[in-house]
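The values are calculated or read from the model by the stated rules, or taken from the named source; none is laboratory data. These numbers come from a predicted model, not from an experiment. Here Cβ is always computed from backbone atoms with ideal geometry, including for glycine, and neighbour counts include all displayed protein chains.
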Amino acid sequence: AKTAGRNALRFFDPDMQQAMNRRAQLEAQLHNALRLQQFLLLYQPQVDTKGGVRGVEVLVRWSHPEQGMVSPGEFIPLAEDTGLILPLGHWVMETAMRQQAQWRRDPLLGSIDVSINVSARQFHQEHFVQMVQELLQRTGADPRRIQLELTESLLLDQVDAVIATMQALRALGVGFALDDFGTGYSSLSYLKRLPLDVIKIDQGFVRDLLDEPRDASIARTIIALADALSLGVVAEGVETEAHFQFLQSHGCKRFQGYLFGRPMPLPDFEDRARQCPYP
Ligand code: C2E
Ligand code: CA
Ligand code: CA
Ligand code: CA
């Protein structure tokens, strides 16, 4: 009776009702958002130990006419549930590749690695490899500068099929980063088998590095692990100089976070990339 009571209460909870309304509304509007050109990309720098820009992560935003900027944390799950992630992911990839193609002849911008988030549903869709190949050809992007960010949960489901798809994409020249490392269920044997280039230390471990000895140990261990497997490592969520110093002192060579730049519009990113390295 207690449970039923709680459920009944929850059903009439105005906050919950409001959240459900918002979700339903966003979901309905998501269907037209692509056609109405309401999505845009922001660019967040990935820097070396001197603060020079070596890479960029492309992050999508939904510029909603009434709600303002809706974060991907809110609408990507909706897009995944509804299948809209397929056309949206295609748009993200095409736009990012067009951008790389424009940078391609620039000695500085042309050497920047462009990281694109790919969700499980996208990766597992039929003809994903052909789609990537077709986009590379159509946009003229340099495949060696394109890196796909995949999450652990994606990689651990149907490992053999995943590896086959990754190999086919590698043959096109595309590279891979393992996103949010440490938050999922990676086993070391899988990690060894997967054809990865980079591991990204999840920002959850970076955030509390300085006050949580265990998070510090995990971050150090991931850096050592990447080293042992000859993989690159990118620390996410680097917000302070102290975090940067700690990670650097333990051998991390690539960094992403507010200390070096928030996700920003294209012109700002291009300015940042041309700037003198961080002191
Ligand atoms: P993610 O792939 O882990 O992306 C990193 C997130 O951390 C971004 O949030 C970024 O803005 C944020 N971030 C970067 N530096 C810092 C920092 O120093 N401190 C803190 N607190 N946060 C930082 P964002 O842009 O809101 O994206 C959230 C998630 O949405 C992404 O997490 C990714 O999973 C997903 N996402 C974003 N764009 C795409 C996309 O084009 N396709 C897919 N499938 N997913 C996307
Ligand atoms: Ca990512
Ligand atoms: Ca991440
Ligand atoms: Ca994340």
What residue, of Ala242, Ala273, Ala235, is exposed (fewer than 15 other Cβ atoms within 10 Å of the Cβ) and either in contact (Cβ under 8 Å) with a residue 60 or more places away in the chain or not polar (S, T, N, Q) (or both)? Ala242
Every residue in the range 154-182 that is more than 19 Å from Leu229 (Cα to Cα) and under 14 Å from the mean Cα position of the chain (by Cα), please. Leu154
For the list (1) over 16 Å from Leu34 (Cβ atoms); (2) touching a helix residue (DSSP H, G or I) at 6+ places or on another chain (Cβ under 6 Å), I need the number of the one condition that Gly68 fails. (2)
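Residues that are closer than 20 Å to Leu41 by Cβ and away from ligand 3 (no atom under 16 Å from the Cβ): find the helices (runs of 4 or more DSSP H) completely inside the range 187-276 holding 1 or more of those.
On the way: elements: 188-193, 203-207, 213-228, 241-249, 266-274.
Because the criterion is at least 1 residues that are closer than 20 Å to Leu41 by Cβ and away from ligand 3 (no atom under 16 Å from the Cβ), the helices (runs of 4 or more DSSP H) in the range 187-276 that meet it are 266-274.
Are any of the residues in the range 167-176 within 14 Å of ligand 1 (Cβ to nearest atom) and at pLDDT 95 or above? Full working, then the answer.
Looking only at the range 167-176, we keep the residues that are within 14 Å of ligand 1 (Cβ to nearest atom), and these are 176.
Next, only the ones that are at pLDDT 95 or above stay: 176.
Checking the range 167-176: at least one residue is within 14 Å of ligand 1 (Cβ to nearest atom) and at pLDDT 95 or above.
Okay, residues lined up against (1) farther than 21 Å from Arg138 by Cβ; (2) assigned to a loop (DSSP other than H, G, I, E, B); (3) in contact with a helix residue (DSSP H, G or I) (Cβ under 9 Å, 6 or more places away or on another chain); (4) of a type in the set (Asp, Glu):
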| residue | (1), (2), (3), (4) |
| --- | --- |
| Thr49 | yes, yes, yes, no |
| Arg54 | yes, no, yes, no |
| Gly73 | yes, no, no, no |
| Ile76 | yes, no, yes, no |
| Ala79 | yes, no, yes, no |
| Gly110 | no, no, yes, no |
Quick check on this structure: which one of Arg220, Arg214 is touching a His at 6+ places or on another chain (Cβ under 6 Å) and not hydroxyl-bearing (Ser, Thr, Tyr)? Arg220
